[in-house]
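Chemist: Sending over a structure as structure tokens; questions will come in a sec.
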Amino acid sequence: IIPANTRAYIYPYSGGTQEVSTLTTHMTEYTVGSNGLATMPGELPDTVGYTYCLSLGAEETQAKIAGKDVLFNSNVYFYVDNFLEMPTGIPVPEAYYDNDKAAWVPSTNGIVLQLLGTNGSGLARISVVTNGTEADAGTLAGLGFSDGERQLLAELYNPCTNSLWRIPINHFSCGDANYGTGGAAGSKASEGNLGQGKKGS
């Protein structure tokens, strides 16, 4: 989800950055199927489980620097189903791959959230805590939620029983939502499923 008034930039061959008014985006998941681990862009640290990795990019990109494709002037938000059934409210650790350094670089954590339906204004009601309590407007604003994003969530996810990972990013790149090898208590990851990636595309 790209919030309104977000500005996007690419690296032109001439150097520097260039603002663009449109983007033709593409996404490639790595962590799918039996060969997913072999397609990863780089080796994971021993403490990081093979969890969920994808490449986000745009056709307008002319060059990629330090693993970064499109740059944004503020956060945009990537969502993926909570396929490991991680508890609501816990962080989603995130890193991106820097091709120049051949290393994973830590990014801002995401969060596991639960959708609780919609309010009278058609906006998604959201929980970001383990006990499932609905977050108030101040809490959501502090996490960067806009009314536009909440409206889109209400439209995209119905019925309201969805548990999702929400990950803030400020550039397109190869990103890895990288839970530790132990997973979280009570999740599928803690039952030995971490390291298998997603089952479908």
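The values are calculated or read from the model by the stated rules, or taken from the named source; none is laboratory data. This is a predicted model, so every value here is computed, not measured. Cβ sites come from the backbone with ideal geometry, for glycine too, and all protein chains shown count toward neighbours. Please note that ligands, DNA and RNA were not included when accessible areas were found on the heavy atoms of the full protein model with its side chains. Shrake-Rupley method; radii C 1.70, N 1.55, O 1.52, S 1.80 Å.
Chemist: Give the range 11-45 a look and list any residue that's β-branched (V, I, T) and over 19 Å from S173 (Cβ atoms), or say none.
Modeler: Step one: filter the range 11-45 for residues β-branched (V, I, T), giving 17, 20, 22, 24-25, 28, 31-32, 39.
Matches in the range 11-45: T22 only.
Chemist: Just give me the residues in the range 108-137 being outside any loop (DSSP other than H, G, I, E, B) and in contact (Cβ under 8 Å) with a residue 40 or more places away in the chain, in sequence order. Break it down stepwise before answering.
Modeler: Taking the range 108-137 first, the residues outside any loop (DSSP other than H, G, I, E, B) are 110-118, 124-127, 134, 137.
Within the range 108-137, G110, I111, V112, L113, Q114, L115, L116, G117, T118 qualify.
Chemist: Now a separate question. Before we move on, is T61 over 17 Å from Y96 (Cα atoms) and in contact with an Asp or Glu (Cβ under 6 Å, 6 or more places away or on another chain)?
Modeler: Values: over 17 Å from Y96 (Cα atoms): yes; in contact with an Asp or Glu (Cβ under 6 Å, 6 or more places away or on another chain): yes.
Yes; evaluated as a whole, the condition is true for this residue.
Chemist: Between a first residue in the range 52-75 that is surrounded by fewer than 17 Cβ atoms within 10 Å (Cβ to Cβ) and a second residue that is among the charged types (D, E, K, R), which pairs have beta carbons less than 6 Å apart while being 6 or more apart in sequence or on different chains?
Modeler: Correct list of pairs: A66/D98; A66/D100; N73/R7.
Residue by residue, here is whether (1) open to solvent by 20 Å² or more (accessible area, probe 1.4 Å); (2) over 12 Å from the mean Cα position of the chain (by Cα) holds:
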position: P93; (1), (2): yes, no
position: D98; (1), (2): no, yes
position: I111; (1), (2): yes, no
position: T118; (1), (2): yes, yes
position: G122; (1), (2): yes, yes
position: T133; (1), (2): yes, yes
position: L153; (1), (2): no, yes
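Chemist: Mind checking which residues of the range 49-69 are modelled with pLDDT of 90 or more, part of a strand (DSSP E or B) and not hydroxyl-bearing (S, T, Y)?
Modeler: Across the range 49-69, the qualifying residues are C53, L54, L56, G57, A58, I65, K68.
Chemist: Do we find that L44 is in contact with an Asp or Glu (Cβ under 9 Å, 6 or more places away or on another chain), open to solvent by 20 Å² or more (accessible area, probe 1.4 Å) and either among the small types (G, A, S) or in a strand (DSSP E or B) (or both) in this structure? Outline the logic, then answer.
Modeler: Numbers: in contact with an Asp or Glu (Cβ under 9 Å, 6 or more places away or on another chain): yes; open to solvent by 20 Å² or more (accessible area, probe 1.4 Å): yes; either among the small types (G, A, S) or in a strand (DSSP E or B) (or both): no.
When the stated conditions are applied, L44 does not pass them.
Chemist: Hey, among L84, L140, which residue is part of a loop (DSSP other than H, G, I, E, B), open to solvent by less than 40 Å² (accessible area, probe 1.4 Å) and among the hydrophobic types (A, V, I, L, M, F, W, C)? Quick ask: steps written out before the conclusion?
Modeler: Values: L140 fails: part of a loop (DSSP other than H, G, I, E, B).
Within the list L84, L140, the selection yields L84.
Chemist: Out of all the residues in the range 87-107, which are closer than 18 Å to A177 by Cβ and either free of Cβ contacts under 8 Å to residues at least 12 places away in the same chain or not in a strand (DSSP E or B) (or both)?
Modeler: Start the filter on the range 87-107 by keeping residues that are closer than 18 Å to A177 by Cβ, which leaves 87-98, 103-107.
Those that are closer than 18 Å to A177 by Cβ and either free of Cβ contacts under 8 Å to residues at least 12 places away in the same chain or not in a strand (DSSP E or B) (or both): P87, T88, G89, I90, P93, S107.
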